[in-house]
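Below: one structure, written as structure tokens.
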């Protein structure tokens, strides 16, 4: 049994996406139960349409709904203890739920999650990990926007956490990890990135295979399972890739409708285009994972539909089933145990 | 008459791409003459095949050729005064050429260009500007890798220089300029980017229309004519976009060859695909422009073919014809004249 709490009021479309999305996810994972937090007037009529979901879920009425443009500090002031966002996170803290999924505003969700769940021991800053479609399948990219900037130690923490997530998501033993940089030569790039490279190499971690530096074009090739960067660059890389994919789809569409022959060609090749669309479908790779908190928090894209929301629940399901946070905690413990200085006289006494 | 000097030994294929590329560019621009620097044994036989080019060019034999993997410092030590790269840049310094084009290694080219031409007054760091295909046409993105990091003043300089380049390249009066950031709200992002935004707004520059922040996905949409960022992020964004475009083309190709119907569809729609390929053709948008030096330096992609190299020459031609560096110098002068403190007693005396 896997128990997932849902912030029904999050996202551009609130419960009208969250509830059908949960129903879809339930069809795929009959061993899931939901705790749904939202405004009763909106949620009840929707839940009535999905009797199976209703049966496998508990609903809690919440007065406050955090809006998509609310600043994190304002959201905390207005919504702590009372909002659907807060309470769905709190369900993870109290142990009622194994993970929480929200399509709500990222800044508010991160602020509340940090405040409520706190960061794990030895983790200074949480990260948001995204799942990136590649030519070889999927890779994990982090941080895609939790915080701006990261020092070498934080980049190493991201490498550890991303590696644990890759083991949980892709079910592989020793994922490859690369540091995003402007060149693969050891001499190039930001100081923090170079220092992080040295530190990861020296730590000779058993849970990841450190690949070295990767460049922007290596992400889409799927050169490594985990790409590590700080949040500013990661966010810009992610959005630039999304923009390029949309741009190419747009150009293709307009090119295909230019002549009669190309229109016929389009119809004949429709199945191929559908396949392409599915492979690059942002809804399928929906779901950023907050890493480094005492609890599993999944961020669904705010503008997604029920299918995309269900994918975000899928990610949460996999993370719980494969014990993401135990893996992270174990990896951090192993790493920090080795780098601790020898016990001083006080501890030895 | 526009005079362009060429480093024939630069790039993965040296003169076998540079010389046919120059011949192509000459067909398009009969008012160009070339000064070609390279190793005689390799270049002479190639030049013999292009009599028109030979007639419109002067050849200088150079002993040293800089390799693609040579470190900038080593290239300077080994190739100063003697290499084809140095001498082709020097031709701009002495006034024999109006611009130089090289497909040689970027680090060495920038190091030599800085050493030989020096940066313009009031410019601390040069930038490399790339031309980015968008849904609306083309945009300029800088810096795509000249240096790592930039403070607010340097970002403002990039905005000024990119604006001047947009006026020269797109022949528009007042290009729109955006600062690349992780969110469009004024509160988000790196401190330097926020500070640069304030400074650009306060400077109320007459030569550019400041748009505010743009996000990664706005580049491909063509939201602004000029996107400003520091070199680390710019380089990663550029390479991520290239990787995504290649990834989509690859997925499309494999999808189109999956069934008989989709294969037939592909043949019927071939003209559409050719159009798409041409629009996204990296050779067509080849040519980074070094901005902020006392001379016009064009970097061609190292792995390009003759068509791509000719495009880089096209860019150089446009930059000379539209007086890029005069525009930059004028804009910098106007900006700095206004922000100078009132003359002190010494100057007033």
Inset, instruction - Considering every residue within region B:193-211, establish whether at least one is in a helix (DSSP H, G or I), surrounded by fewer than 23 Cβ atoms within 10 Å (Cβ to Cβ) and within 14 Å of another protein chain (Cβ to nearest Cβ). - result: yes
Inset, instruction - Could you tell me whether region B:176-191 includes any residue that is under 16 Å from residue B:134 (Cα atoms), within 7 Å of another protein chain (Cβ to nearest Cβ) and surrounded by 22 or more Cβ atoms within 10 Å (Cβ to Cβ)? - result: yes
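Is it true that residue A:29 is in the same structural domain as residue A:81 (by TED's automatic domain parsing) and without any contact (Cβ under 8 Å) to a residue 60 or more places away in the chain?
no
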Legend entry - Only one of B:227, B:223 that is outside any loop (DSSP other than H, G, I, E, B), within 22 Å of residue A:244 (Cα to Cα) and at pLDDT 95 or above: B:227
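With region A:65-182 as the region, which helices (runs of 4 or more DSSP H) entirely inside it contain at least 2 residues that are in contact (Cβ under 8 Å) with a residue 24 or more places away in the chain and within 30 Å of residue B:106 (Cα to Cα)?
Answer list for region A:65-182: A:152-170.
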Inset, instruction - Filter region B:212-227 down to residues that are crowded, with 22+ Cβ neighbours inside 10 Å and under 18 Å from residue B:160 (Cβ atoms) and give me whichever is farthest from the chain's Cα centre (by Cα). - result: B:214
Inset, instruction - Give the residue that is farthest from the chain's Cα centre (by Cα), with candidates limited to residues of region B:228-266 that are more than 24 Å from residue B:135 (Cα to Cα) and more than 7 Å from chain A (Cβ to nearest Cβ). - result: B:260
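Identify, from the list B:175, B:133, the residue that is modelled with pLDDT under 90 and in contact with a helix residue (DSSP H, G or I) (Cβ under 9 Å, 6 or more places away or on another chain).
That would be B:133, the only listed residue that is modelled with pLDDT under 90 and in contact with a helix residue (DSSP H, G or I) (Cβ under 9 Å, 6 or more places away or on another chain).
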Inset, instruction - Tell me, please, whether a residue that is touching a helix residue (DSSP H, G or I) at 6+ places or on another chain (Cβ under 8 Å) and more than 20 Å from residue A:316 (Cα to Cα) can be found in region A:82-105. - result: yes
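So which of A:13, A:37 is under 22 Å from the mean Cα position of the chain (by Cα) and in a loop (DSSP other than H, G, I, E, B)?
None of the others qualify; the one that does is A:13.
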Legend entry - Enumerated helices (runs of 4 or more DSSP H) restricted to region A:249-349, each holding at least 2 residues that are at pLDDT 75 or above: A:260-268, A:306-321, A:324-339
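The values are calculated or read from the model by the stated rules, or taken from the named source; none is laboratory data. Everything quoted here is computed from the prediction, not taken from an experiment. Neighbour counts are summed over all protein chains in view; Cβ atoms, including those assigned to glycine, are modelled from backbone coordinates with ideal geometry.
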